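S.K.: Just dropping this structure here.
Just so you know, all these numbers are worked out from the coordinates, no wet-lab data involved. Every value quoted in this text rests on a predicted model; they were computed, and no experiment measured them. Don't worry about glycine lacking a Cβ; one is built from the backbone with ideal geometry, like all the others, and counts go over all protein chains shown.
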Amino acid sequence: MTMKVLSGNYAQSYAALLARAQVISAYPITPQTSIVEKIAEFVASGELDAQYVKVESEHSALQVCVSAAALGARTYTATSSQGLLLMHELLHWASGMRAPIVMGVVNRAVAPPWNIGADHADTMSQRDTGWVQFYAESNQEVLDTVLEAYRLAEHRDVRLPVMVTEDAFYLSHTVEPVDVPDPATVDAFLPRREPHAVLAPGRATRLGSFTGPDHYVDFRQDVGAAMERVREVLPRVEQEYLALVGRDLGGPLPTYRTEGADVILVTMGTLTTTARGVVDDLRAEGRKVGLAKLRVFRPFPDDELRGLVRDVARIGVVDRSFTFGRMGPAATEVSAALYTAANRPELTSFLAGIGGRDVTPHEVRRMFETLLSGEAPATHWEDIEEEVKADG
Amino acid sequence: MAKLTIPAQELMYSGHAACPGCGPALAMRLLLKGLGPRTILSIPACCWTVIATPYPTTALGVAVLDNPIEATGASVSGLRAAADAMHLKDVEVVGFAGDGGTVDIGLQSLSGMLERRTNAIYVMYDNEAYMNTGVQRSGATPRGAWTTTTPVGEGVRGKPEPKKDVMAIVLAHRPAYAATLNPSFPEDFDRKVERARSIEGPRFFHIFAPCPPGWKFDSAETIALGRLATDSGIFPLYEVVDGRLRITRKTGELKPVTEYLAAQGRFRHLGAEDAARLQSEVRAEWDRLLRRERDDLSGSH
Amino acid sequence: MIEIRFHGRGGQGTVVASELLAQAAFLDGKIPQSFPFFGVERRGAPVTAFTRIDDRPIRLRTSITRPDVVVVLDPGLLRTTPVTEGLAPGGLLLVNTPRRAEELAAPPGVRRASVDATRIALAHGLGTAMLPIVNTAVLGALARATGVVTLEALGRAVEQFVPARPAENHRAARDGYLGVRNADPAAAAPVPATFAVPAPLAHPEGPVASVSSEVIHTAAWRTFTPVIHLDRCTKCNFCWKFCPDAAVELGADGFPRIRLEYCKGCGICAAECPPKTIEMVAEA
């Protein structure tokens with residue numbers, strides 16, 4: 001193992017290198033670009049033996065990966081914001097083709113107006129495309145999750161594409177120490193891809209095809225069933241990662257100081273780090289607060305969440321994007337998961353950090369206090385309302 | 001038994017779902033004869049999506065990948081990259097797209113594939129409209145042709161705009177090989193497939209593919225119509241290797257275009273003026289090809 | 001409510017027939033509903049369309065699986081498609097055929113009617129011998145055999161809504177009305193089990209299709225059959241070379257043979273045969 005001071009983007013690049021991705025295809029977009037620039041260096045120097053296809057759009061980038069995966073190659077691509085939206089059609093193709101692509105996504109705001117700040121609107125609007133979604137909190141987690149993602153994506157029982165996201169600038173361009181595992185260790189954890197259900201050159205095989213109502217539903221159900229099996233496969237993958245590399249990523253919904261908590265805040269990505277400090281402060285003051293990190297968004301960790309809130313009075317969900325005509329998307333999902341919970345706590349959807357706004361410890365503390373006050377609204381625009389008050 | 005003039009192998013199966021007399025079906029059959037069993041096809045949404053028959057059947061005796069209509073160029077780049085990365089031997093990666101999927105919605109992807117110099121063959125089978133959706137005009141529909149979106153009526157005489165020149169677009173990318181092919185001339189067709197297979201780099205086929213229901217002619221006339229298209233100069237046969245153009249079929253004097261127009265219901269409304277205009281355009285293009293061939297031969301371009 | 005199912009082949013006007021019937025029923029003051037089965041519509045391929053007619057708003061939006069009336073626009077389909085499926089005793093089978101209604105096979109208790117709509121269509125210049133447009137003549141026969149619409153309403157619907165040649169189509173509808181032949185319910189004439197329906201296909205592992213399309217027989221698409229007069233055949237292979245369906249095979253003796261389970265009857269082999277030894281013969 002080697003400690004390196006890396007950006008979140010370079011953590012993605014090193015993970016693709018260690019995974020020995022065979023086909024890489026990408027198109028530049030801020031703030032993703034340095035991921036694929038670094039990979040280009042790896043390929044140019046011979047460190048990574050891969051075909052790197054430089055394409056004329058993100059749509060083509062993902063098509064290259066879908067087609068390469070159809071022949072059995074291990075593929076990697078990365079994008080952000082508008083690029084991910086342009087890929088939308090191909091996201092469905094990837095899951096429908098059962099292509100185990102791993103993609104890094106730097107979460108960035110969607111235009112208009114143009115904005116390159118951290119925001120989850122890009123990936124949230126792709127939640128129904130059949131991709132497994134991971135949201136990372138640190139650069140270390142980015143690297144570890146990409147490696148796990150390949151094992152998960154290529155697992156015989158899964159065979160689905162996976163996106164590993166990181167917040168724009170808060171991770172993508174933030175450097176911090178990252179423990180980079182040895183290639184031999186990674187090779188032991190992640191052997192070459194075993195191709196299942198791929199095209200066989202020299203034989204009559206058609207992947208994609210068309211069907212009437214008779215078979216189409218089978219294909220859809222198969223994707224759904226594979227997504228459900230992620231729940232069983234992920235813990236096994238994480239156990240092996242822990243055994244070989246020595247890090248435990250904590251499953252789909254890692255928690256922090258939730259024992260005996262009256263209120264719990266659910267966060268995603270980098271907001272989690274800030275919230276940890278706030279929880280410590282509040283706990284020191286004797287307030288019974290806890291934190292849960294929504295690390296896997298698809299498949300959604302329903303059981304873990306229901307178990308977590310058994311004795312909780314109130315839950316807050318912080319979203320870095322929102323759904324027009326609804327609350328925050330993660331809050332919507334949490335609300336759906338809790339419908340069948342034995343104990344249904346009250347729920348507040350906090351909207352914060354939209355379009356790259358900083359979310360400070362002060363603001364997170366206020367969220368906890370709102371929840372503890374017992375008069376939390378259903379939806380709360382955390383930072384905007386405070387701005388308005390400050391201006392007024 | 002007479003000696004076969006094209007390969008005996010059949011890699012397109014019967015039972016497929018093409019209309020009777022389908023030009024694109026014959027194009028596929030002849031193409032696969034020349035390409036052989038180690039072909040990997042990428043097919044976008046087009047007539048062939050359906051012709052190839054529904055899951056779990058397939059009418060193609062080779063590996064086939066479906067791709068969205070606008071992404072064939074990218075798909076062949078991906079297949080080629082994977083074949084190279086995995087050291088697959090002797091595979092030929094081929095995109096097989098319709099005219100709309102190539103000159104309209106797929107043009108960016110085609111340009112990207114050519115510019116990247118992907119070692120693959122891109123085939124555009126040209127039935128001159130969106131036929132899978134039921135005859136709507138595309139950028140490849142010729143001027144004057146009836147389609148459901150260029151109807152004929154009072155003051156409307158089919159498509160007002162001329163056909164997009166896909167070969168000029170492709171040749172601007174300096175491909176390793178580019179050729180026009182016509183299933184009515186199977187030997188010329190096969191020779192071009194063989195030639196292309198002997199060359200590495202981005203290669204392009206523009207295949208003439210008559211559509212009996214879309215062009216409104218009797219299904220028995222597909223081959224005859226194709227011959228007429230080439231021999232009247234509407235669809236000249238040529239190839240360009242390393243930038244040098246060679247015409248592969250010359251029959252002395254071109255036949256008048258009126259015969260070609262009269263053979264199809266989609267042109268029935270056209271008058272003598274329309275025919276004269278087309279005739280002079282065809283003549284000018286044929287003369288341009290002859291000049292270019294002469295110049296290329298003498299090396300003076 | 002009356003439920004009518006149309007069976008035809010792509011290009012014959014099957015879907016238009018179901019819509020014209022709906023328009024005519026509406027002109028009669030009824031509430032109609034009509035829709036095609038969206039499948040692989042290709043010229044010559046089997047096509048299904050549905051019409052429902054009622055006095056009250058129709059509360060079904062599904063395919064018709066238990067029709068009161070089955071209309072067959074192409075007699076070739078009787079050999080290849082289970083057209084009478086779901087047709088109960090008391091129902092009606094109407095077929096476009098030169099044969100008499102008594103000769104039609106049908107499930108017990110089903111009334112039979114026939115009309116030579118092909119002859120009528122060609123007499124009025126509708127379509128070609130290869131692909132006659134028989135829908136309006138068949139609708140005329142249907143009006144008489146069932147009374148679901150009046151001839152007057154049908155005529156007005158045809159004049160207003162057919163895509164081309166309204167006058168000729170109107171006359172064809174009238175001739176179909178006059179030319180329909182009825183037969184009593186079949187006593188026990190079982191439907192022959194000669195359908196070329198392929199065996200059920202296995203669901204292979206994963207989303208890869210790998211079963212040869214040759215399990216699908218496209219003979220039903222054919223109106224004319226090529227017959228090779230081998231005595232004049234020069235073994236030039238042109239028929240083999242130009243067949244878009246790969247339906248011509250060359251024997252060890254060098255003579256071509258048509259694979260009739262796949263031939264769609266396009267006529268290219270006959271048109272291209274240099275010594276003209278191939279004849280296109282109308283299907284019985």
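S.K.: Return one number: the angle in degrees, 0 to 90 and rounded to the nearest 10, between the long axis of the Cα atoms of helix A:329-338 and the longest principal axis of the Cα atoms of chain A.
M.R.: 80 degrees
S.K.: Considering Cα pairs under 8 angstrom that are at least six residues apart, work out the relative contact order of chain A and quote it in whole percent.
M.R.: Numbers: 832 pairs, mean separation 62.3, N = 392.
Value for chain A: 16 percent.
S.K.: Run the numbers on chain B and let me know its relative contact order in percent, using alpha-carbon pairs under 8 Å that are six or more apart. Let's see the in-between values first.
M.R.: Numbers: 590 pairs, mean separation 48.2, N = 301.
Computed over chain B, the figure is 16 percent.
S.K.: Which FRET efficiency, nearest 0.05, do A:ASP218 and B:ARG174 yield, Cβ-Cβ r, R0 45 Å?
M.R.: Details: r = 46 Å, r/R0 = 1.03.
The pair A:ASP218/B:ARG174 has a calculated efficiency of 0.45.
S.K.: Please go through the residue pairs B:LYS192/B:LYS216; B:LYS192/C:LYS241; B:LYS216/C:LYS235 and name each one whose alpha carbons sit more than 27 Å apart in this structure. The partial results should precede the final answer.
M.R.: Details: B:LYS192/B:LYS216 29 Å; B:LYS192/C:LYS241 17 Å; B:LYS216/C:LYS235 31 Å.
The answer is B:LYS192/B:LYS216; B:LYS216/C:LYS235.
S.K.: In chain C, which Cys residues have no partner Cys with a Cβ closer than 4.7 Å?
M.R.: Lacking a cysteine Cβ partner under 4.7 Å: C:CYS233, C:CYS236, C:CYS243, C:CYS263, C:CYS266, C:CYS273.
S.K.: I need C:SER212, A:SER13, A:SER209 ordered by Cβ neighbour count within 10 Å, fewest first. Working shown, then result.
M.R.: Numbers: C:SER212 16, A:SER13 27, A:SER209 21.
Sorted ascending by nearby Cβ count, the order is C:SER212, A:SER209, A:SER13.
S.K.: Continuing with the same structure: For chain C, what is the calculated [θ] at 222 nm in deg cm²/dmol (nearest 500), taking -39500 (n - 2.57) for each run of four or more DSSP H residues and dividing by its residue count? Please list the in-between numbers first.
M.R.: Working: 8 runs with 71 residues, N = 284.
Using -39500 (n - 2.57) per qualifying helix, the result is -7000 deg cm²/dmol.
S.K.: So what's the angle, to the nearest 10 degrees on a 0 to 90 scale, between helix C:14-27 and the longest Cα principal axis of chain C?
M.R.: Once rounded, the angle reads 10 degrees.
S.K.: Enumerate lysine pairs in chain A that are 8 or more residues apart or on different chains, then count those whose Cα atoms are under 29 Å apart.
M.R.: Going through chain A pair by pair, I get 5.
S.K.: If you don't mind, there's one more thing I want to ask. Quick one: length gained pulling A:ARG203 to A:GLU176 fully straight, 0.36 nm per residue minus the C-alpha distance?
M.R.: Numbers: separation 27, 0.36 × 27 = 9.72 nm, distance 4.97 nm.
Value of the extension gain: 4.8 nm.
S.K.: Share of antiparallel DSSP beta bridges in the stretch A:255-391, in percent to the nearest 5? Write down the numbers at each step before the final one.
M.R.: Details: 2 of 20 bridges.
Of those bridges, close to 10 percent are antiparallel.
S.K.: What is the percent of Cα-Cα separations in chain C that go past 29 Å?
M.R.: Values: 15669 of 40186 pairs.
Tail of the P(r) past 29 Å holds 39 percent of the pairs.
S.K.: So what is log10(I(q)/I(0)) for the stretch A:2-245 at q = 0.16 1/Å, when the Debye sum runs over its Cα atoms only?
M.R.: Normalising to I(0) and taking log10 leaves -1.15.
S.K.: While we're on this one: Determine the percent antiparallel among the DSSP beta bridges restricted to the protein assembly as shown, to the nearest 5. Intermediate values should be presented prior to the final figure.
M.R.: Working: 50 of 134 bridges.
Once the DSSP bridges in the protein assembly as shown are tallied, antiparallel ones form about 35 percent.
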